[in-house]
Amino acid sequence: MVKLKTRNVEELLVPPLPEYSYICNGEIRQTECKGSLIFRDPDYILITPQDVLQSFSFQSIINKKLRGRKLERWKNYIVKYNLEIENKDMRVLLENSALLTVYVDGISVCEINGEVVMKEYRVVGSTKNFDEELKSLKNLNPSLILINQRDPWYMLTAYRVLYITPELRKELSQLVGLSRIECDKIEYNETTICYIR
């Protein structure tokens, strides 16, 4: 196993952190220690290919799926962060039968609070489609791709970070270089790829 050593702020945040994380001995871990605390307050919505076929805009998808205060929050996010279903989102969802999760997370680290907006794309398939599906996700220019292979199946998960509050980005930039997740193998190209078995 190899620990993924973060090379940029985005890799500190993907895959999404648990509610409580701790910075200890050069790594971000879930077990409590004497290091700094990272708190995550997640808000998310899951979008399926069926949702996209029925409603082509993000606004109409949330109107169908959400109610009450959660709907009002997401309407505000749409305006604040210019959230939409992009053409490349639609292509990946429909061509690859992917699931898209959009996160708007509150993050608190070293007493600095901010928000992070990210998209998570998840594809499950058989090995015969693997190269094609991986290429499709790479075309999104994600911050990280996780590959979980168990023959004859695999699960690909790609993460794109769309926005980080400037004050939070500044604070997190001091933490770049910390280790995050464990991988069996890591490939560093335009996108970092972590293989997990």
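Using heavy atoms of the protein chains and a probe of 1.4 Å, the accessible area assigned to Arg122 is about 80 Å².
Between amide H atoms placed 1.01 Å from N, distances below 5 Å from Lys3 occur with Cys183, all of them 5 or more places distant or on a separate chain.
Pairs of Cα atoms in the range 143-189 fall into 5 Å distance bins, from 0 up to the last occupied one, in shares of 5, 13, 19, 23, 17, 11, 6, 4, 1 percent.
Site pair Glu187 and Glu95 shows an inter-label distance of 1.8 nm when each label is modelled 7 Å from Cα along Cα→Cβ. Accessible surface calculations at 1.4 Å, restricted to protein heavy atoms, place the range 73-148 at 48 Å² per residue. A simple count of charges around Lys65, restricted to other residues whose Cβ falls under 15 Å of its Cβ and scoring Lys, Arg +1 and Asp, Glu -1, yields +3. As a fraction of the 1.4 Å probe accessible area of the chain, surface on carbon and sulfur atoms comes out at 47 percent.
Using Cα pairs closer than 8 Å and at least 6 residues apart in sequence, work out the relative contact order for the range 53-188, in percent. Let's see the in-between values first.
Values: 167 pairs, mean separation 26.9, N = 136.
Relative CO of the range 53-188 lands at 20 percent.
The Kirkwood hydrodynamic radius of the chain, based on inverse pair distances between different Cα atoms, is 17.7 Å.
In the range 1-63, the C-alpha radius of gyration followed by the widest Cα-Cα span (Dmax) gives 17.1, 49 angstrom. For the chain, the cysteines with no partner cysteine C-beta closer than 4.7 Å are Cys110. Stokes-Einstein diffusion of the range 24-141 at 25 °C, 0.890 mPa s viscosity, Kirkwood radius from Cα pairs, rounded to a whole number: 150 µm²/s.
The values are calculated or read from the model by the stated rules, or taken from the named source; none is laboratory data. None of these values were measured; they are calculated from a predicted model. So basically every Cβ, Gly included, is an ideal-geometry build from the backbone, and we count neighbours across all protein chains shown. Note: accessible area is taken over every heavy atom of the protein model, side chains too, but ligands, DNA and RNA are not part of it. Shrake-Rupley method; radii C 1.70, N 1.55, O 1.52, S 1.80 Å.
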